[in-house]
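Here is the structure we will look at, set down as structure tokens.
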Amino acid sequence: MSEQTLLDEIYILKEENKKLRQLLTKYGYIFEETKLTPDEKMKIYRSYFKGRDDIYAIFYKQSVFPACYNRTKGNCYYEKGHKVCSKCNNSSFIPLTDNVIRNHICKPNQSVGLYPLLKDNTCYFLAIDFDEDDWFDAMLSVYRVAKRYGIDSLMERSKSGNGGHLWIFFDNNIYASYVRKLGFFLLDKAMKVNKRITFKSFDRLFPNQDTMPIGGFGNLIALPMQYDAINNNKNTLFIGEDGKLVNNQFIHLANIKKTSLLKVEEICQKNTERVFNNNISEEIVVKFNNEIKIIEGTMLKIYRLNLNALTLNTIKKVASMWNQEYFLFQNMHRPIYHKTTPAILSEYEVLDEYLYLPRGLKQKLLKIFDDRLKIEETTELGHEIEVKFKGKLVEYQEKIIDELDKHDLGIVEAPTGSGKTIMALAVIAKYKVSTLIILPGKELLKQ
């Protein structure tokens, strides 16, 4: 092949490359070597991190509060010694402008918190906060699940450096209820492949409510690219799948594809499997561990280190449920704080290499895992005692005791004065076995 032929081919390839780059640029892709002006950077930043622009939050020492022109004038509204901005008649909130964002990025002590939930209960993004020791591993799992379903997302290392935010952006504002369903779905899928993700992550969504709470603004999230964090330790910046900072922050952001409402609806409607689903398919069952070791004592002590993520996640779900108070607060448009009103209540505990569950869940586990469970029983059977019941039971008490006889474990729930103590004594006398009686206070002991 002659030198001229090679030069001709190089020319053709360069022209093709030029056309392809023009085509990619037309569809919004920005190449790394592109030189962006400050105005272009601002336009990119604000097109992604969109929330309420009539109000924003500022950080001062250990506090965070809405930016207000009148905050330092001494006429704020107080409740129990704290300023309550949402109820203040003298509030004059400062709007979120390009200049505020510019100061956030370029000046010290100007960090901004964004309120994602709009007044019409929609939002432009979903963010998930990860702050456990394995935050990056957990965040990366959700990132990859989202990618598997065709959703582009952005990973940010948070201010402390010991946590991260996963951001998913939408091309239009979408109802928060739909957005949060998407977040729950992605977390649930990620828990099936990463055994260290916990149900606490379900409380770390932004926005954290479907609707605007009465007298509030919804939760807020610190915006990335904070001047202070960047200069101190290179945090609040975007990272790649290797956990390292990406080279060109603004171009990386600009190339994140926004998700459409159609895509969100498609995922939420096609994947109807609930987080807590009693019907487990055969396709799932075959992926469980063949052997699950349990020591049955006062609790079910399950050896967890050799369990795969799907098995462990299923066991945790058996010991968890939706918090009805959480949904009550949602329906009443009341503020929700994840530390006092979590979305999910869990009755399991992880200590060392074991997972501990209440003994009462044994039958549920057997129903799901059947002969995969290898149970070693270490419960105390007690010793025989001489005792005689001298009381007389009424008909409903006899029925309750007959029902108790059918079960190894159970709770009798009955109103005051129905004779629960009498029934307990009758059961003890019937089985004539030593019994541990636990009371909540000394007054009952005197009875």
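Looking at the stretch 96-114, is at least one residue under 18 Å from HIS252 (Cβ atoms) and of a type in the set (S, T, N, Q)?
No, the stretch 96-114 contains no residue that is under 18 Å from HIS252 (Cβ atoms) and of a type in the set (S, T, N, Q).
Suppose the filter is modelled with pLDDT under 95 and either surrounded by 17 or more Cβ atoms within 10 Å (Cβ to Cβ) or of a type in the set (A, V, I, L, M) (or both); does ILE284 pass it?
yes
Look at SER63 and say whether it is under 32 Å from the mean Cα position of the chain (by Cα), under 21 Å from LYS159 (Cα atoms), surrounded by fewer than 18 Cβ atoms within 10 Å (Cβ to Cβ) and small (Gly, Ala, Ser).
Working: under 32 Å from the mean Cα position of the chain (by Cα): yes; under 21 Å from LYS159 (Cα atoms): yes; surrounded by fewer than 18 Cβ atoms within 10 Å (Cβ to Cβ): yes; small (Gly, Ala, Ser): yes.
Here the answer is yes, as SER63 does meet what is asked.
Look at ASN75 and say whether it is in the same structural domain as LEU237 (by TED's automatic domain parsing) and over 30 Å from ILE151 (Cα atoms). First the steps, then the outcome.
Numbers: in the same structural domain as LEU237 (by TED's automatic domain parsing): no; over 30 Å from ILE151 (Cα atoms): yes.
Against the criterion (in the same structural domain as LEU237 (by TED's automatic domain parsing) and over 30 Å from ILE151 (Cα atoms)), ASN75 does not qualify.
Yes or no, residue by residue, for (1) farther than 15 Å from ILE368 by Cα; (2) free of Cβ contacts under 8 Å to residues at least 40 places away in the same chain; (3) outside the structural domain of SER201 (by TED's automatic domain parsing):
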{"site": "LEU261", "(1), (2), (3)": "yes, no, no"}
{"site": "VAL275", "(1), (2), (3)": "yes, no, yes"}
{"site": "PHE288", "(1), (2), (3)": "no, no, yes"}
{"site": "GLY297", "(1), (2), (3)": "yes, no, yes"}
{"site": "LEU305", "(1), (2), (3)": "yes, no, yes"}
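For VAL246, state whether it is among the aliphatic types (A, V, I, L, M), surrounded by 13 or more Cβ atoms within 10 Å (Cβ to Cβ) and within 23 Å of the chain's Cα centre (by Cα). Quick ask: steps written out before the conclusion?
Values: among the aliphatic types (A, V, I, L, M): yes; surrounded by 13 or more Cβ atoms within 10 Å (Cβ to Cβ): yes; within 23 Å of the chain's Cα centre (by Cα): no.
Spelling it out, it is not the case that VAL246 is among the aliphatic types (A, V, I, L, M), surrounded by 13 or more Cβ atoms within 10 Å (Cβ to Cβ) and within 23 Å of the chain's Cα centre (by Cα).
Considering only the stretch 187-198, state which residues are among the basic types (Lys, Arg) and either in contact (Cβ under 8 Å) with a residue 60 or more places away in the chain or part of a loop (DSSP other than H, G, I, E, B) (or both).
Step one: list which residues in the stretch 187-198 are among the basic types (Lys, Arg), which gives 189, 192, 195-196.
Correct list: LYS192, LYS195, ARG196.
Taking the stretch 195-218, which residues are closer than 25 Å to ARG304 by Cα and of a type in the set (Gly, Ala, Ser)? Give the derivation first.
First pass over the stretch 195-218, keeping only residues closer than 25 Å to ARG304 by Cα: 195-203.
The answer is SER201, and nothing else.
State all residues of the stretch 250-291 that are of a type outside the set (A, V, I, L, M) and within 30 Å of ARG157 (Cβ to Cβ); if no residue qualifies, say none.
PHE250, HIS252, ASN255, LYS257, LYS258, THR259, SER260, LYS263, CYS268, ASN271
May I ask you to list the residues in the stretch 403-423 that are assigned to a helix (DSSP H, G or I), of a type in the set (A, V, I, L, M, F, W, C) and within 19 Å of GLN363 (Cβ to Cβ)? Before you say what the answer is, go through the steps one by one.
Within the stretch 403-423, the subset assigned to a helix (DSSP H, G or I) is 403-404, 420-423.
Then drop every residue that is not of a type in the set (A, V, I, L, M, F, W, C), which leaves 404, 422-423.
If the condition is that a residue be assigned to a helix (DSSP H, G or I), of a type in the set (A, V, I, L, M, F, W, C) and within 19 Å of GLN363 (Cβ to Cβ), then LEU404 is the only one that fits.
Having 2 or more residues that are exposed (fewer than 14 other Cβ atoms within 10 Å of the Cβ) and modelled with pLDDT of 90 or more is the bar; report the helices (runs of 4 or more DSSP H) wholly within the stretch 287-402 that clear it.
Working: elements: 309-318, 324-331, 362-369.
Filter on the stretch 287-402 gives 324-331, 362-369.
Tell me which residues, restricted to the stretch 392-447, are over 24 Å from LEU381 (Cα atoms) and small (Gly, Ala, Ser).
Of everything in the stretch 392-447, those that are over 24 Å from LEU381 (Cα atoms) and small (Gly, Ala, Ser) turn out to be ALA414, GLY417, SER418, GLY419, GLY441.
Give the residue that is farthest from MET321 (Cα to Cα), with candidates limited to residues of the stretch 199-251 that are part of a loop (DSSP other than H, G, I, E, B) and among the charged types (D, E, K, R).
Within the stretch 199-251, the first condition is being part of a loop (DSSP other than H, G, I, E, B), and the residues that meet it are 204, 207-220, 223-226, 234-237, 240-244, 246-248.
Next, only the ones that are among the charged types (D, E, K, R) stay: 204, 210, 234, 241-242, 244.
Details: ARG204: 17, ASP210: 19, LYS234: 39, GLU241: 33, ASP242: 35, LYS244: 37 Å.
Selected residue: LYS234.
Considering each residue of the stretch 87-122, count those that are over 29 Å from ALA229 (Cα atoms) and either of a type in the set (Gly, Ala, Ser) or assigned to a loop (DSSP other than H, G, I, E, B) (or both), and give that number.
Going through the stretch 87-122 one residue at a time, the tally reaches 7.
So LYS234 fits all but one of (1) within 27 Å of THR311 (Cα to Cα); (2) of a type in the set (Lys, Arg); (3) out of contact with any helix residue (DSSP H, G or I) (no Cβ under 8 Å at 6 or more places or on another chain); what number is the exception?
Condition (1) is where LYS234 drops out.
At pLDDT 95 or above, among the aromatic types (Phe, Trp, Tyr) and assigned by TED's automatic domain parsing to the domain that holds ILE44 - does that describe any residue in the stretch 207-223?
For the stretch 207-223, residues at pLDDT 95 or above, among the aromatic types (Phe, Trp, Tyr) and assigned by TED's automatic domain parsing to the domain that holds ILE44: absent.
Looking at the structure I just gave you, is ILE344 of a type outside the set (D, E, K, R), in contact with a Gly (Cβ under 9 Å, 6 or more places away or on another chain), outside the structural domain of ASN219 (by TED's automatic domain parsing) and closer than 30 Å to PHE327 by Cα? So that I can check it myself, show each step before the final result.
On the way: of a type outside the set (D, E, K, R): yes; in contact with a Gly (Cβ under 9 Å, 6 or more places away or on another chain): no; outside the structural domain of ASN219 (by TED's automatic domain parsing): yes; closer than 30 Å to PHE327 by Cα: yes.
Answer is no for this residue.
In the stretch 145-172, how many residues are free of Cβ contacts under 8 Å to residues at least 60 places away in the same chain and not small (Gly, Ala, Ser)? Even if it seems obvious, please write down each step before you answer.
At the first step, the residues of the stretch 145-172 found to be free of Cβ contacts under 8 Å to residues at least 60 places away in the same chain are 145-148, 162-163, 165-166.
Then keep just the ones that are not small (Gly, Ala, Ser); that gives 145, 147-148, 162, 165-166.
Within the stretch 145-172, residues that are free of Cβ contacts under 8 Å to residues at least 60 places away in the same chain and not small (Gly, Ala, Ser) number 6.
Tell me, which residue of the stretch 75-111 that is small (Gly, Ala, Ser) and over 29 Å from the mean Cα position of the chain (by Cα) is nearest to ILE55 (Cα to Cα)?
If we filter the stretch 75-111 for residues that are small (Gly, Ala, Ser), which is where we start, we get 81, 86, 91-92, 111.
Of the ones still in play, those that are also over 29 Å from the mean Cα position of the chain (by Cα) are 81, 91-92.
Working: GLY81: 23, SER91: 11, SER92: 9 Å.
Taking the candidates together, the pick is SER92.
Rundown of residues vs (1) modelled with pLDDT of 95 or more; (2) among the aliphatic types (A, V, I, L, M); (3) assigned by TED's automatic domain parsing to the domain that holds MET225; (4) touching a helix residue (DSSP H, G or I) at 6+ places or on another chain (Cβ under 9 Å), yes/no style:
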| site | (1), (2), (3), (4) |
| --- | --- |
| LEU117 | yes, yes, yes, yes |
| CYS123 | yes, no, yes, yes |
| ASP134 | no, no, yes, no |
| LYS147 | yes, no, yes, no |
| ASP152 | yes, no, yes, yes |
| SER158 | no, no, yes, yes |
| TRP167 | yes, no, yes, yes |
| ILE174 | yes, yes, yes, yes |
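Residue check, ILE411 against (1) under 15 Å from ILE437 (Cα atoms); (2) of a type in the set (A, V, I, L, M); (3) surrounded by 12 or more Cβ atoms within 10 Å (Cβ to Cβ), all met but one. Which one?
(3)
The values are calculated or read from the model by the stated rules, or taken from the named source; none is laboratory data. Only a predicted model underlies this, so the values are computations on that prediction, with no experimental measurement involved. So basically every Cβ, Gly included, is an ideal-geometry build from the backbone, and we count neighbours across all protein chains shown.
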